[in-house]
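Undergrad: Provided herewith is a single structure, encoded as C-alpha cells, for subsequent inquiry.
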Amino acid sequence: MLPSPERMQMITDKCLELFDSGSNLNAAQVAIELLSLPELPMHCPDHHFLVPAALFTAAHSHLGNSKAALEKDLRKTRARVSSLQGGICGEYGCCGAAVGAGVFASIWNKTAPLSKEHWAAGNELTARCLASIATVEGPRCCKRVTYLTLQAAMPASRELLGVDLGEFPHIVCQHHQRSKECREQACPFFPPQD
C-alpha cells in the first residue's frame with residue numbers, strides 16, 4: 001500500500017493552517033496535531049509524509065520563511081515519499097518515518113546523489129532516527145516511530161542542518177487504545193500506570 005494522495009493533502013492543509021497560526025512552531029507539537037487528524041489511520045504509509053511535513057512546518061516557521069516556501073518543500077516531499085510502501089519498516093529494515101526525516105534533510109540542504117557537501121548530513125540524520133526507532137522492539141507502531149523519529153531528528157537538525165525545530169517535549173501517547181499491537185509499558189510514550 002502506498003500513501004494516500006487524499007490524506008497527504010489533508011496533512012498538507014493542516015500544516016499550512018498551523019503555519020498561518022503563529023511563529024516558532026515546535027516540530028513535535030505540529031506532529032501531535034497531525035496525528036490527531038480523525039481521518040488518519042493508526043498505521044499507514046501516510047506517516048512517511050507526516051514526519052517531514054512536521055519538520056518542514058517548524059523549520060519554515062522558526063526562520064520566518066514564506067508560506068510559499070513551505071508549500072514548495074511539501075510538494076517536493078510528497079513526490080519523494082509517494083513511492084514508500086507501507087510496511088517497509090519490517091520488510092526493508094528501514095522505517096519510512098526515518099526515511100521521511102532524511103527526505104527533509106536532503107531537500108533542506110539541496111543535496112542530490114552527486115553532492116559533495118551536506119550529503120553525509122542527511123544520512124547521519126536518518127541513521128540517528130533509525131537508531132532511535134530501534135530502541136523499542138516491534139511490532140510496528142506508526143505513532144511510536146513518529147515520536148522516536150522526531151526525538152532524534154529535532155536535535156540532529158539543529159546540529160547537522162543548523163535549523164531549530166524546538167525542544168522535544170514529554171509525550172504521552174493518546175492513540176494506544178487504537179493499536180491491537182501496542183507494546184504498552186515497553187513503549188516510552190505509553191501512559192504511566194497508577
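Undergrad: What is the local net charge at ALA156, summed over the other residues whose Cβ is closer than 11 Å to its Cβ (Lys, Arg +1; Asp, Glu -1)? Intermediate results must be reported in sequence, preceding the final value.
TA: On the way: positive: ARG128, ARG158; negative: GLU124, GLU159.
Result for the local shell: 0.
Undergrad: If you don't mind, another one. Just to be sure I understand the model, the point goes 7 Å from the Cα along the line to the Cβ. What's the resulting LYS180 to SER21 distance in nm?
TA: Placing both labels 7 Å beyond Cα along the Cβ direction yields 3.3 nm.
Undergrad: Give me ARG183, ARG75, ARG128 sorted ascending by neighbouring Cβ count inside 10 Å, so fewest comes first.
TA: Details: ARG183 17, ARG75 11, ARG128 20.
Lowest count first: ARG75, ARG183, ARG128.
Undergrad: Considering the chain as a Gaussian network with a 10 Å cut-off on Cα pairs, which listed residue, THR149, THR111, THR135, attains the greatest mean-square fluctuation?
TA: Of THR149, THR111, THR135, the most mobile in the Gaussian network model is THR135.
Undergrad: Mind checking which of ALA153, ALA131, ALA28 has the largest fluctuation in a GNM of the chain, springs on alpha carbons under 10 Å?
TA: For the chain, modelled as a Gaussian network with Cα springs under 10 Å, the answer is ALA131.
Undergrad: How charged is the neighbourhood of MET10? Take every other residue with its Cβ under 14 Å from the Cβ of MET10, and add Lys/Arg as +1 and Asp/Glu as -1. Numbers along the way, then the final one.
TA: Working: positive: ARG7, LYS14, ARG78; negative: GLU6, ASP13, GLU17, GLU33, GLU39, ASP46.
Around MET10, the surrounding residues sum to -3.
Undergrad: Determine, for TYR92, TYR147, the number of other Cβ atoms within 10 Å of each Cβ, and report the residues in order from fewest to most. Intermediate results must be reported in sequence, preceding the final value.
TA: Numbers: TYR92 12, TYR147 23.
Going from least to most buried by this count: TYR92, TYR147.
Undergrad: Just round it to a whole percent: the fraction of Cα-Cα distances in the range 8-110 exceeding 20 Å.
TA: Details: 1657 of 5253 pairs.
Tail fraction, whole percent: 32.
Undergrad: Still on this structure: Give the distance, in whole Å, between the Cα centre of the range 53-119 and the Cα centre of the range 133-194.
TA: 18 Å
Undergrad: Give the order of LYS110, LYS67, LYS143 when sorted by the count of other beta carbons within 10 angstrom, beginning with the fewest. Don't skip to the end; give the middle numbers.
TA: On the way: LYS110 9, LYS67 12, LYS143 25.
Result, fewest neighbours first: LYS110, LYS67, LYS143.
Undergrad: Quickly estimate the mean residue ellipticity at 222 nm for the chain, helices only: each DSSP H run with n ≥ 4 gives -39500 (n - 2.57), and the total goes over all residues, rounded to 500. Provide the component values of the computation, followed by the final result.
TA: Details: 8 runs with 105 residues, N = 194.
For the chain, the value works out to -17000 deg cm²/dmol.
Undergrad: Now for a different question. Figure the gain on full extension for LEU37 and ALA68 (residue separation times 0.36 nm, minus the Cα-Cα span) and round it to one decimal in nm. Present the calculation step by step, with values, prior to reporting the outcome.
TA: Values: separation 31, 0.36 × 31 = 11.16 nm, distance 2.32 nm.
Separation in residues times 0.36 nm, less the Cα-Cα distance, equals 8.8 nm.
Undergrad: Among the listed pairs LYS14/LYS110; LYS72/LYS180; LYS76/LYS180; LYS72/LYS116; LYS14/LYS180, which have their C-alpha atoms separated by more than 30 angstrom in this model?
TA: Details: LYS14/LYS110 25 Å; LYS72/LYS180 37 Å; LYS76/LYS180 34 Å; LYS72/LYS116 24 Å; LYS14/LYS180 27 Å.
Beyond 30 Å: LYS72/LYS180; LYS76/LYS180.
Undergrad: Given springs between every Cα pair under 10 Å in a Gaussian network model of the chain, which of GLN177, GLN85, GLN29 has the largest fluctuation?
TA: For the chain, modelled as a Gaussian network with Cα springs under 10 Å, the answer is GLN177.
FYI, it's all coordinate maths here, none of it is from the lab. Since the model is a prediction, treat every value here as computed from it, not as a measurement. As a convention, Cβ positions derive from the backbone with ideal geometry for all residues, glycine included, and neighbour counts pool all protein chains shown.
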